[in-house]
Amino acid sequence: MSDSLVTIRQLTKNYTRGKQTVEVLHGIDLEIPRGDFVALMGPSGSGKTTLLNLIGGLDTPSGGSVSVDGKRIDQFKGGELAKWRAEHVGFVFQFYNLLPVLSALKNVELPLLLTKMGGAERAKRAQVALTLVGLADRGSHKPSELSGGQEQRVAIARALVTDPTLLVCDEPTGDLDRKTADEILGLLQVLNREHGKTIIMVTHDPKAAEFASRTVHLDKGQLVDDAPAH
Ligand SMILES: Nc1ncnc2c1ncn2[C@@H]1O[C@H](COP(=O)(O)OP(=O)(O)O)[C@@H](O)[C@H]1O
Ligand SMILES: [Mg+2]
């Protein structure tokens, strides 16, 4: 068996609006090895978020298969997908999606509330994750008391706190200036290279893609040949 962490076969996704059905992914085949850092690029509306959400189990396909770590996540029933997602996937979004009333530490603890872990252990794990992203001393700050780059670091800590199999990031630097974006991308690179995290990152910034080890291009719901290495 190959060491492919994610295997996608003939993946399709349709959206239905009223009487109209539109196919937005047209038979995607993709393999992502364990330990890879993939940048997923393509024009706006090409289906990047749709594909990422299918890999992360936030949505279910219309056809084809998605296997992650040997499990057919497209075949999960009922609450199985949500449970799998909580254990195996960390999500990072463009606008951080932190809860404004909670401290950084409490935001990072959130995914652990879905586990049976006790409060003291949760706080300890959250502190370890905050330390990993360089914010050990900001745990008591509310999101409004942090810069955009710091907020995204908190979001990355939250994504990591369950020690997920896969980190999926949708335009993680889309709202940040160049310097801050490069710091966040450097952090993702460290998580990939030194902590072995498999990362799939949607971006339309070619500079961001340079931090990844591989770039996959999507156009109008289809993968186009990988660009040559730069
Ligand atoms: N929930 C939805 N309902 C209907 N159409 C959608 C929905 N989500 C995305 N789409 C459509 O699917 C296409 C791909 O969207 P998306 O995956 O968000 O692209 P990208 O992330 O590359 O900009 C777009 O045409 C978009 O309008
Ligand atoms: Mg998108």
query: Which cross-chain or sequence-distant (5 or more) residues have an amide H under 5 Å from the amide H of Val216, H modelled 1.01 Å from N in plane?
result: Ala39, Leu40, Met41
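Among Lys106, Lys197, Lys116, which comes first, second and so on when ranked by fewest other beta-carbon atoms within 10 Å? Write down the numbers at each step before the final one.
Values: Lys106 18, Lys197 21, Lys116 6.
Fewest-to-most Cβ neighbours within 10 Å comes out as Lys116, Lys106, Lys197.
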query: How are the C-alpha pair distances of the stretch 163-230 spread across 5 Å bins, as whole percents from the shortest bin up?
result: 4, 15, 26, 24, 19, 9, 2
- request: Using only the Cα atoms, work out Rg/Rh for the stretch 105-186, with Rh taken as the Kirkwood radius, to two decimals.
  value: 0.97
message: Using 0.36 nm times the number of residues separating Lys142 and Arg9, minus their current alpha carbon distance, what extension gain do you get?
response: 43.6 nm
- prompt: Between Asp205 and Lys77, what length in nm is gained on full extension when 0.36 nm per residue of separation is reduced by their alpha carbon distance?
  reply: 42.4 nm
query: Which percent of Cα pairs goes in each bin when the distances of the stretch 1-95 are cut into 5 angstrom slices starting at zero?
result: 3, 12, 22, 25, 22, 12, 4, 1, 0
query: Under a straight-distance cross-link criterion of Cα-Cα below 14 Å, which aspartates and glutamates are reachable from Lys116, leaving out those fewer than 8 residues away in the same chain?
result: Glu87
- request: Starting from the Cα of Lys13, draw a straight line to each of the lysines and keep only those under 30 Å, dropping any in the same chain fewer than 8 residues away.
  value: Lys48, Lys71, Lys77, Lys83, Lys197, Lys207, Lys220
query: How do His141, His195 line up, fewest other C-beta atoms within 10 Å first?
result: His195, His141
- prompt: Say each of Lys220 and Lys19 gets a label point 7 Å from the Cα, pointing the same way as Cα to Cβ; how far apart are those two points in nm?
  reply: 2.6
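What does the net charge come to around Gly186 if you take all other residues with beta carbon closer than 11 Å to its beta carbon, with K and R at +1 and D and E at -1? Intermediate results must be reported in sequence, preceding the final value.
Details: positive: Lys179, Arg193; negative: Asp182, Glu183.
Around Gly186, the surrounding residues sum to 0.
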field: Compactness relative to 2.2 N^0.38 Å, alpha carbon Rg of the stretch 102-152
entry: 1.09
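For every other residue with a beta carbon closer than 11 angstrom to the beta carbon of Ser46, add +1 if it is Lys or Arg and -1 if Asp or Glu, then tell me the sum. The partial results should precede the final answer.
Details: positive: Lys48, Lys220; negative: Asp219.
Within the 11 Å Cβ shell, the charges total +1.
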field: the chain: Cα Rg divided by the 2.2 N^0.38 Å rule of thumb
entry: 1.01
- prompt: Looking at Leu187, Val202, Gly174, which one has the Cα that reaches farthest to the positive end of the dipole of the stretch 146-206 (charges on Cβ: Lys, Arg +1; Asp, Glu -1)?
  reply: Leu187
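Only helical DSSP H runs with n ≥ 4 go in: add -39500 (n - 2.57) per run for the chain, normalise by residue count and round the 222 nm mean residue ellipticity to 500 deg cm²/dmol.
Values: 7 runs with 70 residues, N = 230.
Taken over the chain, the calculation gives -9000 deg cm²/dmol.
Read-outs: derived from the displayed coordinates by stated rules, not from any lab. Since this is a predicted model, take the numbers as computed values, not measurements. Counting neighbours? That spans all protein chains shown, and the Cβs are built from the backbone with ideal geometry, glycine included.
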